[in-house]
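Written out below as structure tokens is the structure these notes cover.
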Amino acid sequence: MARAGLRRGEAAGLRREDIHFLVDARHLGCSVPGSHLHVVRRDNGSGAWAKSRRSRAVPVDFLLVQAFDQYAVERARCAEAVLGDVVLVNLARPPVGAPMKPGAVNELLVRLSARARLERVVHPHASRHAFATNMVEAGGAIDEVQKLLGHATVISTQVYLHPSPQRLRAAVERVGSLIEEARR
């Protein structure tokens, strides 16, 4: 979720057919270049839904592909999960091999937050905010973030941006530099 900006329902609703972690997926009938996943609204039987009615392709980076590969190996060890189409399944709790429900994503993050001894619990939606902020910090434009998050309007996207104090300082210093240049 944090590497692709997905909502918990979108992540829990992913099916194997939505994952195109290849350099070229044309042989799958997909024209989207590079590694990506498709967010599609459909009834998954687990309560997981994509919020938007519009499907979207989300490019992914090599870290997400590597994490997915590690997960796929662990998932393959679970006999109950081998034949299932939903990507995220319960591997440690009953019903083992069943599609993970959105609420289980929250429970997982609560357990992982405690295991990492974090002061605060990490919530799934916080990863979306972090994704958007990180995109802008890395030089992404707000319209790019809007498309990646699947927002209909840029107004919805603005809520997700949380500039760091360093970025605010740099913005003020850029203005100062422009004023100095104009005086010359």
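Points worth noting:
- Note on residue 168 and residue 63: their simple-model spin labels are 2.5 nm apart, each label 7 Å out from Cα toward Cβ.
- Rounded to the nearest whole Hz, the Karplus-based 3J(HN,Hα) values (6.51 cos²θ - 1.76 cosθ + 1.60, θ = phi - 60°) of the range 98-104 follow the sequence 7, x, 6, 7, x, x, 5, with x at glycine and proline.
- Each of residue 184 and residue 16 was given a label point 7 Å from its Cα along the Cα-to-Cβ line. The distance between the two points is 6.2 nm.
- For the residues 128, 117, 42, a 1.4 Å probe over the protein chains yields an accessible-area ranking, largest first, of 117, 42, 128.
- The apolar share of the surface of the chain, taken as the fraction of accessible area on carbon and sulfur atoms (1.4 Å probe, ligands and nucleic acids excluded), comes to 58 percent.
- Selected from 33, 99, 59 as most flexible by GNM, with the chain as the system and alpha-carbon contacts under 10 Å: 33
- Summary value for the range 84-179: 16 percent relative contact order, contacts being C-alpha pairs under 8 angstrom separated by 6+ residues.
- Rolled with a 1.4 Å probe across the full set of protein chains, the surface gives residue 3 an accessible area near 110 Å².
- Cα gyration tensor shape of the chain, rounded if a/c is under 1.5, else prolate or oblate by comparing a/b with b/c: prolate
- Projecting the Cα atoms of 168, 138, 76 onto the dipole axis of the chain, where Lys and Arg carry +1 and Asp and Glu carry -1 at the beta carbon, places 168 farthest toward the positive end.
- Stretched out straight at 0.36 nm per residue, the stretch from residue 92 to residue 42 would grow longer than its current Cα-Cα span by 15.4 nm.
- Remark: the chain carries a charge dipole of roughly 440 debye about the Cα centre, counting +1 on each Lys and Arg Cβ and -1 on each Asp and Glu Cβ.
- Probe 1.4 Å, accessible area per residue of the range 72-184, Å²: 68 Å²
- Taking all protein chains together and rolling a 1.4 Å probe, residue 68 ends up with roughly 60 Å² accessible.
- Axis of helix 165-183 versus longest Cα principal axis of the chain: the two differ by about 30°, to the nearest ten degrees.
- In this rough spin-label picture, where each label sits 7 Å from Cα along the Cβ direction, the residue 70-residue 83 distance is 3.0 nm.
- Pairs of Cα atoms nearer than 8 Å and 6+ residues apart set the relative contact order; for the chain it is 21 percent.
- Mean residue ellipticity (222 nm) of the chain, computed from DSSP H runs ≥ 4 via -39,500 (n - 2.57), nearest 500: -13500 deg cm²/dmol
- In Å, descending, principal axis extents of the Cα set of the range 62-139: 42, 28, 20
The values are calculated or read from the model by the stated rules, or taken from the named source; none is laboratory data. A quick note: this is a predicted structure, and the numbers were derived from the prediction, not measured. Every residue, glycine as well, gets a Cβ built from its backbone with ideal geometry; the counts of neighbours run over all protein chains shown. We work out accessible area using only protein heavy atoms, side chains counted, and drop any ligands, DNA or RNA first. Shrake-Rupley method; radii C 1.70, N 1.55, O 1.52, S 1.80 Å.
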